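Below is one structure, written out as structure tokens; the observations come after it.
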Ligand code: LLP
């Protein structure tokens, strides 16, 4: 019954709000934003602003879409949540409940993933500069896979395992020399990258790993970048890797990277096409019976979440400047990558006043949206920016002594606080 209601809500949303918003978001009869059955203005009142609001049903729907898209095409696959995208325990717990594994980029994410309930064997550790402590933490926890990134690490991992007399599954991260068309800061697969081994070094790494009785090299890994809008670069990368290193590996991890919709110009492949494409390319280029591992981050979380802000000031000089109570402390993407962000007044969508929506931080670059059109914004208005579920919370910081925002999960008309707002005293809590 409840499922049915949500489906109906999702259908209504498709008509009323763009795909940038969570599946269950809609405007009510008064034109007020509802998300997960909760009123955005009431959420702002109850939890304060800025706040991240996560639509749980949206998150689950995307996780299920990934799993069913792979399951429809292969029996042997793993979908690992790239936890860096939204390294929040409660969000990760939802994805663990959906049966996903988890990819962690260090000791902190590993600690979070264990707390979220991922089975250690379903966790995979990444990183181009893992410390011995992080490797020990991972071995103590019994993580399923360590993705070995460089020759120094080959020595370090085999040494640690020998010391312990323990065996470990590993994958080898390859830099395939393919650069997808995305922002340079989130392109990782080119020849001159800090991630992974080039093809020549990969051969040496494989020889050294083969010489150690403590490692089981289950497969190769590459991740060519993020916010990728076409499938061709994945194939190009896999062609280069198989041409150089052969196909004699049981697991093929093509990383994450599926792009999402941030605005009207974005048209990423669907989750279904993406999964179908990756399974097909592994089958064609590596042969049948191989495990396909995927590591989506952004495509699971970005559109599940909106951020609510309150307008504090409206200034008119050359332009109209709308100042909100957050900014580069809770969403660095516009500043770091020139990322497009949409914005609306939460109870008056579709306005026509051109304005610049800025954060409250002490630098001119702290602009969330340069080309906003808002409905006559006034101090006290609640603004909403959609698609902030990936790399917003995770990259939040306390610049200018700004406490980090809470995370609220909404579903079926209920809202639950899963991370509370940081307190001023906590900003000083590490003083010694
Ligand atoms: N696997 C590995 C090894 C990765 O490094 C990443 C992301 C992923 C998977 C997940 O990629 P996704 O599916 O989310 O594209 N802060 C940047 C994004 C950095 C991505 C880092 N690696 C941003 O906000 O755009």
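Give me the percent of DSSP beta bridges within the chain that run antiparallel, rounded to the nearest 5. Among the beta bridges of the chain, antiparallel pairing accounts for roughly 45 percent.
Please state the relative contact order of the range 23-76 as a whole percent: Cα pairs under 8 Å, 6+ residues apart?
Contact order relative to length: 25 percent.
For Cα pairs less than 8 Å apart in space and 6+ apart in sequence, what is the mean separation divided by the residue count of the chain, i.e. the relative contact order in percent?
Result for the chain is 19 percent.
Arranged from fewest to most other beta-carbon atoms within 10 Å of their beta carbon, 156, 62 become 156, 62. Take the chain, connect every pair of alpha-carbon atoms lying under 10 Å apart with a spring to form a Gaussian network, then pick out the residue of 219, 323, 142 with the largest mean-square fluctuation. Checking each option, the largest mean-square fluctuation is seen for 142. Averaging the sequence gap over all C-alpha pairs within less than 8 Å and six or more residues apart, then dividing by the number of residues, gives the range 57-301 a relative contact order of 21 percent. Within the range 57-301, DSSP assigns beta bridges of which about 5% are antiparallel (rounded to the nearest 5).
For the chain, adding -39500 (n - 2.57) for each run of n ≥ 4 DSSP H residues and dividing by the number of residues yields -9500 deg cm²/dmol at 222 nm. Using only alpha carbons, the chain has a radius of gyration to Kirkwood radius ratio (Rg to Rh) of 0.99.
Within the listed set 310, 242, 388, the residue fluctuating most in the Gaussian network model of the chain (springs between alpha-carbon atoms under 10 angstrom) is 242.
Quick check: the distance between the Cα centres of the range 382-432 and the range 231-278, to the nearest angstrom? Centre-to-centre distance over Cα atoms comes out at 32 Å. Treating each Cα of the range 57-301 as an identical point scatterer and summing with the Debye formula, the log10 of I(q)/I(0) at q = 0.09, 0.13, 0.14 Å⁻¹ comes to -0.34, -0.75, -0.88. Going by neighbour counts of Cβ atoms within 10 Å, the residues 278, 84 line up, fewest first, as 84, 278.
Its residue count N sets the reference 2.2 N^0.38 Å, and the alpha-carbon radius of gyration of the range 238-339 equals 1.63 times that reference. For the options 187, 226, 83, a Gaussian network treatment of the chain with springs between C-alpha atoms closer than 10 Å singles out 187 as fluctuating the most. Here 214, 252 are placed in order of increasing Cβ neighbour count within 10 Å, fewest first, which gives 214, 252.
All of the numbers you see were taken from the coordinates with simple rules; none came from a lab. Model, not experiment: these values are computed from the prediction. Here the Cβ is made from the backbone with ideal geometry for all residues, glycine too, and neighbour counts use every protein chain on show.
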